[in-house]
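Each remark here refers to the structure printed beneath this line.
The values are calculated or read from the model by the stated rules, or taken from the named source; none is laboratory data. Keep in mind the model is a prediction, meaning the values are calculated, not measured. Neighbour counts run over all protein chains shown; Cβ positions are idealised from the backbone, glycine included. For the accessible areas, the whole protein counts, side chains as well, though only heavy atoms, and no ligand, DNA or RNA atoms are used. Shrake-Rupley method; radii C 1.70, N 1.55, O 1.52, S 1.80 Å.
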Amino acid sequence: MKKKWSIVKASPMEHRTFDPSLDRRFFFPNGFVADRYNILFELPDYLQNTFQNILKRDLAGFNKTDRWILPVPAAYMIDREGIIRFAHVDPDFMKRLEPQEMIDQLKKL
């Protein structure tokens, strides 16, 4: 049976930061993909200060960019014609799409 779908991860973080074997094709610097889907959060100055001086985290350096950005967690199902058939977007990064819900949505295609 031929599969009718593919899974693609788009991230402003270079995946090799976590696992050097991961494919660079899905690394989109400067939040390009998240920006196009309007799900990019640019940290205001006061949060940049908190990250740098209190948490000792350089988010811009981690993302290898000059921007202090985080993508809003999101999952989309986009058909071959480019139509979004399912979307899950939640600015609360603790609320992620459950894998079973993605599977259930895939079965509907």
Discussion item. I'd like the full set of residues that are farther than 22 Å from D90 by Cβ and of a type in the set (G, A, S), limited to the range 28-64.
Written reply: A60, G61
Discussion item. Please verify whether A34 is touching a strand residue (DSSP E or B) at 6+ places or on another chain (Cβ under 6 Å), surrounded by 12 or more Cβ atoms within 10 Å (Cβ to Cβ) and either modelled with pLDDT under 85 or assigned to a loop (DSSP other than H, G, I, E, B) (or both), treating the condition exactly as stated.
Written reply: yes
Practice prompt. Working only within the range 41-54, note down all residues that are under 19 Å from G31 (Cβ atoms) and exposed (fewer than 12 other Cβ atoms within 10 Å of the Cβ).
Written response: P44, D45
Item to complete: Filter the range 63-109 for residues that are of a type in the set (A, V, I, L, M) and in a loop (DSSP other than H, G, I, E, B) and give the result.
Response: V72, I83, M94, L97, L109
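Could you please let me know if R57 is open to solvent by 50 Å² or more (accessible area, probe 1.4 Å), assigned to a loop (DSSP other than H, G, I, E, B) and either modelled with pLDDT of 80 or more or touching a strand residue (DSSP E or B) at 6+ places or on another chain (Cβ under 6 Å) (or both)? Step through it out loud before you land on a result.
Numbers: open to solvent by 50 Å² or more (accessible area, probe 1.4 Å): yes; assigned to a loop (DSSP other than H, G, I, E, B): yes; either modelled with pLDDT of 80 or more or touching a strand residue (DSSP E or B) at 6+ places or on another chain (Cβ under 6 Å) (or both): yes.
In short, yes.
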Worksheet item: Could you count how many residues in the range 92-109 are basic (K, R) and loosely packed, with under 10 Cβ neighbours inside 10 Å?
Response: 2
